[in-house]
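One structure below.
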Amino acid sequence: MLFYYFKNKKELYHYLVEFSLDTILSEFFDKIDMNETDFIERLRQIARIKFEFNKRYPNVLSFLANIFIKEESDISRDLKQRHEKVMQMGYSMLYENIDTTLFRSDVDPEKAFKLIRWSIEGYQNELINHFKQQNLVTTNMDPYWDEFYDYLEVLKTIYYTDRKE
């Protein structure tokens, strides 16, 4: 029945890549508020959107990662270029329109961006490993979000100017 809609596996594969990219654009990127100029607050927002996205579409990001990290040769040049555009769009959404005056004057904003991003990715990877054997549907995520928000506040304390003014 599947091949009633697709001529072969390669066509199905390409359709799934297209679907995944379209879904990222419409269900992930379109939900990011680009008016937020505080880098850490934007990361907070993106983390929440990504979590919701992964709950709704649990295999999309890992599917694309498997394909493009392994540089599958069966993927058309057009799809590779489209993937690259989506990746560039994601990075620009992360760093575009950021108020760098929030950073301490003795900290290079570009280095702070990387260190903050690495910190959050490390925390994310720690949680992924922690949750691998658990059912996320039944897990109360509130304590983990609270902990994540606490870490974001620590990052603000480290990298931002004194915000008590």
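Derivation of every value follows stated rules applied to the coordinates shown; laboratory data play no part. Note that the structure is predicted; figures quoted are calculated from it, not measured. Glycine gets a Cβ as well: all are built from the backbone with ideal geometry, and neighbour counts include every protein chain shown.
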Open item on the list: Exceeding 26 Å between C-alpha atoms, which entries from my cross-link table qualify? They are Lys9/Lys132; Lys85/Lys114; Lys9/Lys80; Lys10/Lys50; Lys9/Lys50.
Closed with: Lys9/Lys132; Lys10/Lys50; Lys9/Lys50
Open item on the list: For semi-axes √(5λ) of the Cα gyration tensor in Å, pick the label among (i) 27, 20, 18; (ii) 31, 18, 15; (iii) 34, 20, 13 that corresponds to the value derived from the coordinates.
Closed with: (iii)
TODO: Please work out the Cα center distance from the stretch 19-92 to the stretch 101-165, rounded to the nearest Å.
DONE: 19 Å
- [ ] Run the quick spin-label model on Val154 and Lys114: label points 7 Å from Cα toward the beta carbon, then report their separation in nm to one decimal.
- [x] 2.2 nm
Task: Neighbour cut-off at most 10 other Cβ (10 Å), DSSP loop, GluC sites (Glu not before Pro), the stretch 53-99 - done: Glu71
- [ ] Compute the length gained on full extension between Ile69 and Arg82: take 0.36 nm times their separation in residues and subtract their Cα-Cα distance, giving the result in nm to one decimal.
- [x] 3.2 nm
- [ ] Grab the Cα-Cα distance for Lys132 and Arg56, subtract it from 0.36 nm times how many residues apart they are, and report the gain in nm with one decimal.
- [x] 25.7 nm
